[in-house]
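S.K.: Let me begin by handing over the structure; questions about it come next.
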Amino acid sequence: MDILLGAIVSGLLLGAVFALVALGLNVIFGVMDIVNFAHGEFLMLGMYVGLFTSQFLGVDPLFGMAPALVFGFLLGVACYYGFVRYLLRGPALAQLLGTFGLMLLLRNLALMCFGPDERSVRSGLLVGVSFDLGMGMIVPATKLAAALLSVAAFVSVWLLMNRTKVGKALVATSLNAQGARYMGIPTDRMNALAWGVGGGSVCLAGALLVNFWSVSPGVGILFTMIAFTVVALGGFGSISGTFYAALVVGMITEIPGFTDFLAYTVGLRFIGDWPMTAFKFTFIYLAYFLIMLLRPQGLFGWKR
Amino acid sequence: MTRRPLLRLALVLAMILLPTLCLAAEKTIKIGVLFPLSGPAAGAGAELRAAAELAVEIANNGLPGVDIAMAKGGGVKSIGGAKLQLIFKDHEGNPTLGADLAKKLILDDKVNIVMGCYNSSVTKTVAAVCDQYGIPMVNDSSTSPSLTRQGYKWFWRTTPHDEQFTQDLYAFLKGLSEGKVKGVPPVKDIATLASACEKTEWGSSVSEQLNKFGAKNGYTLAKQLLYADKSADLSSEVRSLMAVKPDAMLFACYSSDAILMLNTLKSQKAAPKLIWGQNAGFEDPTFANTLGDTVVGVLTRTVFMPKVATVKKVAGQVNDVYKARTGKDMVGAASRAFTGMQAIVAILEMAGSDEPAAFQKAANAIDIPGADLVMPWEGIKFTTEGEDIGQNVKGMGLIGQYQKDASGKIGIEIVYPFNLATADMIYPFPGFK
């Protein structure tokens with residue numbers, strides 16, 4: 001049971017972080033119908049902000065959250081006003097290619113400024129600390145903190161979208177932009193807000209992730225794929241769907257743990273020889289493919 | 001009107017001829033050096049570079065107080081005191097880039113010799129390029145056995161390769177069970193082994209050899225993982241290793257993944273009886289510097305450590321100079337780069353010419369005595385026939401263990417060969433609780 005419980009706990013913790021990573025993508029798509037290919041790159045920049053805050057200010061990496069959040073919000077708003085707003089005038093293909101171009105630009109800017117080397121948080125209050133809950137459930141403190149803070153951020157955004165006036169305006173814009181405009185809702189500003197919230201939440205996720213995941217300019221593409229899979233599984237436009245889907249995707253990365261359980265606890269030894277860990281992210285891509293094939297609207301349907 | 005063009009012609013001719021007159025003065029031997037100066041192995045790359053530069057400086061300018069032939073200085077005396085010049089290129093751990101840079105070094109920079117590349121995967125492609133152009137290549141630090149089995153005529157390797165090192169590991173484990181290890185009574189409870197290796201040329205060949213020699217010595221590897229050295233997270237790999245409850249964990253990691261692996265083992269509270277790394281990341285100074293006390297008890301295959309100075313004075317002399325320059329002790333990477341460069345100088349001296357054919361002849365005939373090397377080797381002599389071609393057969397590996405000395409500083413003590421042991425071995429591994 002040790003192996004199984006350890007894998008489940010690990011999958012859930014990582015899934016909670018994936019939820020925050022995917023949230024931004026969903027908000028932007030929900031409000032504007034634009035798929036942000038540069039989502040992973042926003043995450044990567046958030047990771048760098050978190051890392052540098054802790055390195056240059058000498059504070060614990062967890063405190064990198066606030067600067068990353070602010071940076072992400074501003075980055076999202078700047079991208080909207082400086083670039084995306086003009087894409088809206090063009091055909092849908094231009095919008096996709098536009099954010100793809102943004103992805104390439106950000107990735108190579110980061111490569112130019114920070115160099116190709118991997119960097120990681122080497123020391124901090126929680127680094128290296130883990131809690132042994134018994135029965136094989138060993139919880140690293142960094143992952144636990146990241147998961148808890150992710151959930152808190154996720155709930156905050158949900159509250160923002162569903163319980164505040166601004167949030168209701170955002171939802172109105174997402175349902176019918178023209179109608180919302182007639183009602184006096186400034187669509188342009190709502191779009192910018194969507195990008196701001198999207199950018200802010202994913203950069204916050206980055207600052208949390210950097211506590212246990214090393215950053216380099218190329219790390220974004222993996223998380224873009226993870227975010228896409230999560231949103232596709234949960235349903236584009238459904239925020240609560242994103243959360244549950246993220247937990248499932250977190251568990252998918254733990255498939256090697258489940259096969260080890262089958263191999264060593266259940267006794268199907270031959271499974272132990274399969275190179276599962278080498279393909280742990282392949283399963284995510286496979287899941288994305290299967291979702292597109294079998295249930296493109298995701299678990300919780302298309303937009304509300 | 002007729003004087004002006006003549007004057008111009010004279011000036012132009014002078015401009016062309018003058019530099020060539022200067023060039024005729026002193027010969028330079030250009031050595032192209034390919035190292036991973038950025039990327040996952042950048043830690044080792046910095047050491048390699050510093051050591052190569054030190055070796056060339058000693059060869060060109062001499063250094064009193066160091067008892068090796070090269071330290072008399074004066075360049076390559078048999079080629080009229082020709083000075084050595086290094087041209088460094090960063091291959092970033094990328095084999096295709098390495099091959100491109102090698103071509104540039106050979107065709108544009110017109111180097112006489114190539115040295116490199118640390119990463120076996122890069123050495124493989126660069127060796128092919130050198131063989132194609134007939135430029136000698138000396139490999140100082142790549143240990144995948146296949147490199148000397150390609151049938152190349154322009155490739156020589158000074159370092160022993162992984163087959164020898166893996167055999168050392170099993171000889172060590174056997175000695176452990178027989179009570180031959182200093183300070184440890186016979187150990188009978190190491191039965192299950194598990195390995196995690198990075199999956200390029202080097203790591204995957206280490207993985208194969210661990211399996212091959214394990215079977216020969218009566219050990220089974222319950223699990224063998226391969227992972228990408230650029231991985232940002234190794235927690236599922238570590239959990240997978242721990243699932244088989246191994247008595248000994250064996251690793252082949254480069255610099256950044258070695259640190260990540262140990263940190264992950266620590267956060268997962270792994271407690272094997274023995275942890276061993278096949279050199280590379282496990283021996284890089286950044287490993288101990290970053291991880292601190294976490295590394296105490298970890299074993300690493302190595303070829304050199306400062307403690308060798310207790311059995312070889314020359315090692316201490318060169319290490320002192322190296323340390324004065326870089327602030328760090330020489331370990332396996334730096335010492336092998338130094339030795340590789342030293343071998344190149346010795347071969348050039350014997351060749352008496354900068355022509356590739358002369359170098360080839362000299363390299364195949366040379367026999368450098370162990371006393372002249374900082375390494376605890378019998379010497380340097382390359383094979384010219386058999387399974388390996390161009391392989392130094394007089395090299396030797398060591399196994400070291402990270403231990404804390406009385407002042408709290410962490411260093412590597414020799415635990416194998418048993419007769420060279422410098423301290424009692426810590427057994428079992430203290431674990432991460």
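S.K.: Of these, A:Ser156, A:Ser130, which one is among the small types (Gly, Ala, Ser) and either under 29 Å from B:Leu37 (Cβ atoms) or within 14 Å of another protein chain (Cβ to nearest Cβ) (or both)? Walk me through it before giving the result.
M.R.: Numbers: A:Ser156 fails: either under 29 Å from B:Leu37 (Cβ atoms) or within 14 Å of another protein chain (Cβ to nearest Cβ) (or both).
The match here is A:Ser130.
S.K.: Looking at this structure, is B:Arg149 charged (D, E, K, R) and surrounded by 18 or more Cβ atoms within 10 Å (Cβ to Cβ)?
M.R.: On the way: charged (D, E, K, R): yes; surrounded by 18 or more Cβ atoms within 10 Å (Cβ to Cβ): no.
No: the conditions fail for B:Arg149.
S.K.: For the stretch A:87-114, give me the residue count where each residue is in contact (Cβ under 8 Å) with a residue 12 or more places away in the chain and in a loop (DSSP other than H, G, I, E, B).
M.R.: The qualifying residues number 1.
S.K.: Does A:Phe261 meet the test of being buried (at least 16 other Cβ atoms within 10 Å of the Cβ), among the hydrophobic types (A, V, I, L, M, F, W, C) and under 18 Å from the mean Cα position of the chain (by Cα)?
M.R.: Working: buried (at least 16 other Cβ atoms within 10 Å of the Cβ): yes; among the hydrophobic types (A, V, I, L, M, F, W, C): yes; under 18 Å from the mean Cα position of the chain (by Cα): no.
Criteria not met by A:Phe261.
S.K.: So, one more: Taking the stretch A:41-69 on its own, how many of its residues are in contact (Cβ under 8 Å) with a residue 40 or more places away in the chain and either in a loop (DSSP other than H, G, I, E, B) or within 19 Å of the chain's Cα centre (by Cα) (or both)?
M.R.: 19
S.K.: A further question follows. In the stretch B:242-264, what residues are crowded, with 24+ Cβ neighbours inside 10 Å and more than 9 Å from chain A (Cβ to nearest Cβ)?
M.R.: Listed by number, the residues that qualify are B:Met249, B:Leu250, B:Phe251, B:Ala252, B:Cys253, B:Tyr254, B:Ser255, B:Asp257, B:Ala258, B:Met261, B:Leu262.
S.K.: Considering only the stretch B:320-375, how many residues are part of a loop (DSSP other than H, G, I, E, B) and among the hydroxyl-bearing types (Ser, Thr, Tyr)?
M.R.: The total comes to 1.
S.K.: Sticking with this structure for a sec: So if I check each of B:Lys212, B:Lys230, which one is surrounded by fewer than 22 Cβ atoms within 10 Å (Cβ to Cβ), outside the structural domain of B:Arg149 (by TED's automatic domain parsing) and outside any loop (DSSP other than H, G, I, E, B)?
M.R.: Values: B:Lys230 fails: outside any loop (DSSP other than H, G, I, E, B).
None of the others qualify; the one that does is B:Lys212.
S.K.: If I filter the stretch B:50-71 down to residues being closer than 29 Å to B:Lys103 by Cβ and buried (at least 21 other Cβ atoms within 10 Å of the Cβ), which single residue comes out as farthest from the other protein chains (Cβ to nearest Cβ)? Step through it out loud before you land on a result.
M.R.: To start, the set of residues in the stretch B:50-71 that are closer than 29 Å to B:Lys103 by Cβ comprises B:50-57, B:59-60.
Filter once more, keeping what is buried (at least 21 other Cβ atoms within 10 Å of the Cβ): B:51-52, B:54-56, B:59.
Working: B:Ala51: 21, B:Ala52: 21, B:Leu54: 24, B:Ala55: 26, B:Val56: 26, B:Ala59: 32 Å.
Only one residue fits best here, namely B:Ala59.
S.K.: Next up: Tell me the residue from B:Thr166, B:Thr158, B:Thr125 that is within 24 Å of B:Gln224 (Cβ to Cβ) and at pLDDT 90 or above, please. Break it down into steps so the answer makes sense when it comes.
M.R.: On the way: B:Thr158 fails: within 24 Å of B:Gln224 (Cβ to Cβ); B:Thr125 fails: within 24 Å of B:Gln224 (Cβ to Cβ).
Sole residue among the options that is within 24 Å of B:Gln224 (Cβ to Cβ) and at pLDDT 90 or above: B:Thr166.
S.K.: Listed residues A:Val210, A:Val197; which is surrounded by 19 or more Cβ atoms within 10 Å (Cβ to Cβ), within 25 Å of A:Ala146 (Cα to Cα), at pLDDT below 90 and β-branched (Val, Ile, Thr)? Reasoning before the result, please.
M.R.: Numbers: A:Val197 fails: at pLDDT below 90.
When all the criteria are applied, what remains is A:Val210.
S.K.: Collect the residues in the stretch B:212-233 that are over 11 Å from B:Leu193 (Cβ atoms) and within 9 Å of chain A (Cβ to nearest Cβ), keeping them in residue-number order.
M.R.: Once the filter is applied, which keeps residues that are over 11 Å from B:Leu193 (Cβ atoms) and within 9 Å of chain A (Cβ to nearest Cβ), the stretch B:212-233 yields B:Leu225, B:Leu226, B:Tyr227, B:Ala228, B:Lys230, B:Ser231, B:Ala232, B:Asp233.
S.K.: Scan the stretch A:171-190 for residues that are in contact with a Leu (Cβ under 8 Å, 6 or more places away or on another chain) and surrounded by 23 or more Cβ atoms within 10 Å (Cβ to Cβ) and report the count. Explain how you work it out, then say what you get.
M.R.: Applying the first criterion (in contact with a Leu (Cβ under 8 Å, 6 or more places away or on another chain)) to the stretch A:171-190 yields A:190.
Those still in the list that are surrounded by 23 or more Cβ atoms within 10 Å (Cβ to Cβ) too: none.
Count: 0.
S.K.: Kindly check whether there is at least one residue in the stretch B:119-134 that is touching a Gly at 6+ places or on another chain (Cβ under 9 Å), assigned to a loop (DSSP other than H, G, I, E, B), more than 14 Å from every other protein chain (Cβ to nearest Cβ) and within 23 Å of B:Val206 (Cα to Cα).
M.R.: yes
S.K.: Inspect the stretch B:268-280 for any residue being touching a residue at least 40 places away in the same chain (Cβ under 8 Å), over 26 Å from A:Ala141 (Cα atoms) and touching a Leu at 6+ places or on another chain (Cβ under 6 Å) and give the result as yes or no.
M.R.: Among the residues of the stretch B:268-280, at least one is touching a residue at least 40 places away in the same chain (Cβ under 8 Å), over 26 Å from A:Ala141 (Cα atoms) and touching a Leu at 6+ places or on another chain (Cβ under 6 Å), which makes the answer yes.
S.K.: So, one more: So which residues in the stretch B:72-82 are surrounded by fewer than 17 Cβ atoms within 10 Å (Cβ to Cβ) and over 21 Å from B:Lys312 (Cα atoms)?
M.R.: Kept after step one, since they are surrounded by fewer than 17 Cβ atoms within 10 Å (Cβ to Cβ), are these residues of the stretch B:72-82: B:72-74, B:77-78, B:80-81.
Result: B:Gly73, B:Gly74, B:Lys77, B:Ser78, B:Gly80, B:Gly81.
S.K.: Here's a follow-up. Condition first: among the β-branched types (Val, Ile, Thr), surrounded by 20 or more Cβ atoms within 10 Å (Cβ to Cβ) and in a helix (DSSP H, G or I). Can you find one or more residues in the stretch B:269-285 that meet it? So that I can check it myself, show each step before the final result.
M.R.: Our first condition is that a residue be among the β-branched types (Val, Ile, Thr); within the stretch B:269-285, this holds for B:275.
Filter again for surrounded by 20 or more Cβ atoms within 10 Å (Cβ to Cβ), leaving B:275.
Right, trim to in a helix (DSSP H, G or I) and you get none.
There is no residue in the stretch B:269-285 that is among the β-branched types (Val, Ile, Thr), surrounded by 20 or more Cβ atoms within 10 Å (Cβ to Cβ) and in a helix (DSSP H, G or I).
S.K.: Right, next: Which residues, counting only those in the stretch A:252-304, are in contact (Cβ under 8 Å) with a residue 24 or more places away in the chain, assigned to a loop (DSSP other than H, G, I, E, B) and either under 25 Å from A:Phe154 (Cα atoms) or out of contact with any helix residue (DSSP H, G or I) (no Cβ under 8 Å at 6 or more places or on another chain) (or both)? Let's see the steps before the verdict.
M.R.: So in the stretch A:252-304, the residues in contact (Cβ under 8 Å) with a residue 24 or more places away in the chain come out as A:252-258, A:260-261, A:264-265, A:280-281, A:283-285, A:287-288, A:291-292, A:296-304.
Still in the running and assigned to a loop (DSSP other than H, G, I, E, B): A:253-254, A:280-281, A:296-304.
If the condition is that a residue be in contact (Cβ under 8 Å) with a residue 24 or more places away in the chain, assigned to a loop (DSSP other than H, G, I, E, B) and either under 25 Å from A:Phe154 (Cα atoms) or out of contact with any helix residue (DSSP H, G or I) (no Cβ under 8 Å at 6 or more places or on another chain) (or both), then A:Thr253, A:Glu254, A:Phe281, A:Pro296, A:Gln297, A:Gly298, A:Leu299, A:Phe300, A:Gly301, A:Trp302, A:Lys303, A:Arg304 are the ones that fit.
S.K.: Could you please let me know if A:Leu148 is within 30 Å of B:Leu265 (Cβ to Cβ) and either more than 14 Å from chain B (Cβ to nearest Cβ) or free of Cβ contacts under 8 Å to residues at least 60 places away in the same chain (or both)?
M.R.: Values: within 30 Å of B:Leu265 (Cβ to Cβ): yes; either more than 14 Å from chain B (Cβ to nearest Cβ) or free of Cβ contacts under 8 Å to residues at least 60 places away in the same chain (or both): yes.
Answer is yes for this residue.
S.K.: Counting only residues that are at pLDDT below 85 and small (Gly, Ala, Ser), which one in the stretch A:86-128 is surrounded by the most Cβ atoms within 10 Å (Cβ to Cβ)?
M.R.: Filtering the stretch A:86-128 for residues that are at pLDDT below 85 and small (Gly, Ala, Ser), the one surrounded by the most Cβ atoms within 10 Å (Cβ to Cβ) comes out as A:Ser120.
S.K.: Among B:Gly297, B:Gly316, which is the only one that is without any contact (Cβ under 8 Å) to a residue 12 or more places away in the chain and surrounded by fewer than 24 Cβ atoms within 10 Å (Cβ to Cβ)?
M.R.: Values: B:Gly297 fails: without any contact (Cβ under 8 Å) to a residue 12 or more places away in the chain.
Answer to the selection: B:Gly316.
S.K.: Moving to a separate point now. What number of residues within the stretch A:129-138 satisfy the criterion of being assigned to a strand (DSSP E or B) and buried (at least 19 other Cβ atoms within 10 Å of the Cβ)?
M.R.: Narrowing the stretch A:129-138 to residues assigned to a strand (DSSP E or B): A:130-132, A:138.
Next, only the ones that are buried (at least 19 other Cβ atoms within 10 Å of the Cβ) stay: A:138.
Qualifying residue count, the stretch A:129-138: 1.
S.K.: Could I ask something else about it? From the set of residues in the stretch A:225-251 that are of a type in the set (Phe, Trp, Tyr) and assigned to a helix (DSSP H, G or I), which is farthest from A:Ala152 (Cα to Cα)? It would help to see each step written out before you state the result.
M.R.: If we filter the stretch A:225-251 for residues that are of a type in the set (Phe, Trp, Tyr), which is where we start, we get A:228, A:236, A:243-244.
Keeping just the survivors that are assigned to a helix (DSSP H, G or I) gives A:228, A:243-244.
Working: A:Phe228: 22, A:Phe243: 12, A:Tyr244: 15 Å.
Only one residue tops the list, namely A:Phe228.
S.K.: Got a number for residues in the stretch B:159-185 being assigned to a loop (DSSP other than H, G, I, E, B), touching a Leu at 6+ places or on another chain (Cβ under 8 Å) and farther than 20 Å from B:Gly379 by Cα?
M.R.: 1
S.K.: Restricting attention to the stretch B:389-433, which residues are of a type in the set (Ser, Thr, Tyr) and closer than 25 Å to B:Arg157 by Cα?
M.R.: Step one: filter the stretch B:389-433 for residues of a type in the set (Ser, Thr, Tyr), giving B:402, B:407, B:416, B:422, B:427.
Of everything in the stretch B:389-433, just one residue is of a type in the set (Ser, Thr, Tyr) and closer than 25 Å to B:Arg157 by Cα, namely B:Tyr416.
The values are calculated or read from the model by the stated rules, or taken from the named source; none is laboratory data. Please read these numbers as outputs of a predicted model, since none were measured by experiment. Cβ sites come from the backbone with ideal geometry, for glycine too, and all protein chains shown count toward neighbours.
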